[in-house]
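Everything below concerns the one structure shown next.
Please treat every number below as a calculation from the coordinates, not as lab data. None of the values given here were measured: they were computed from a predicted structure. Because the Cβ atoms are built from the backbone with ideal geometry, glycine has one as well, and the counts that use them run over all protein chains shown.
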Amino acid sequence: MSSNSYGYQYETSPRKLQPEYDRKPKKKKKVTNNKKTKQVTTKQNNVEVKPKSGMQTKEKAKLIIYILLGFVVLLAIGYQNSLITESFNAKEQLKKDLSSIQKENEQLKVNIENGLNLNNIEQSAKELLGMQKLDNSQKIYVNLPKKDYVESPKEDVKEDEDYSVWDKISNGIKELLNK
């Protein structure tokens with residue numbers, strides 16, 4: 001076996017020959033009894049560990065409650081964000097649908113304008129309906145006098161207005177008295 005100046009031994013797996021620090025043996029638990037309160041203390045590596053008192057458990061309970069409340073708040077925020085994202089995606093999809101419908105509408109307008117061309121209408125009438133242009137033999141000519149005659153009315157035209165029954169009766173009586 002070979003060893004180097006750092007204290008490692010190399011074969012298939014390296015391992016340290018001597019530890020760099022000295023381990024101190026663990027001390028056993030020491031139990032002290034007082035008449036007023038009983039406290040159990042343990043010493044480990046010169047550190048005193050005392051059992052948890054009622055205050056420390058209350059603090060841990062508060063900490064757990066705060067952690068749970070934080071988790072609930074984060075969960076609510078995440079849910080709200082997912083709803084916002086879902087609404088945004090729905091809005092974007094509606095925008096895409098609107099733009100595609102508008103494009104289709106514009107294409108249909110162009111097709112209608114192209115179809116309203118006089119030559120296209122004439123061609124469709126000939127091909128689909130079998131129509132033909134008029135010949136001279138199919139035309140009838142009518143001669144009209146060039147002078148216009150307008151006659152004025154001889155009598156005054158009375159307009160029938162909507163009168164109530166009493167108005168008609170009173171007007172009738174007035175006409176009889178005037179004659």
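Remarks
- The chymotrypsin sites (Phe, Trp or Tyr not before Pro) found in the stretch 80-179 that occupy coil by DSSP, while having at most 14 further C-beta atoms within 10 Å, are Tyr141, Tyr149, Tyr163.
- Gained length - Asp97 relative to Ser82, 0.36 nm times residue gap less alpha-carbon distance: 3.1 nm
- Here the label points at Leu116 and Asn178, each 7 Å from Cα along the C-beta direction, are separated by 5.6 nm in the simple model.
- Model label sites at Met131 and Phe71, defined 7 Å from Cα along the beta-carbon direction, differ in position by 8.0 nm.
- Model label sites at Lys139 and Thr57, defined 7 Å from Cα along the beta-carbon direction, differ in position by 11.7 nm.
- Each principal axis of the Cα atoms in the stretch 51-130 has its own extent, and those three values, largest first, are 108, 16, 10 angstrom.
- Between Ser124 and Asn171, the FRET efficiency estimated from the beta carbon spacing at R0 = 45 angstrom works out to 0.15.
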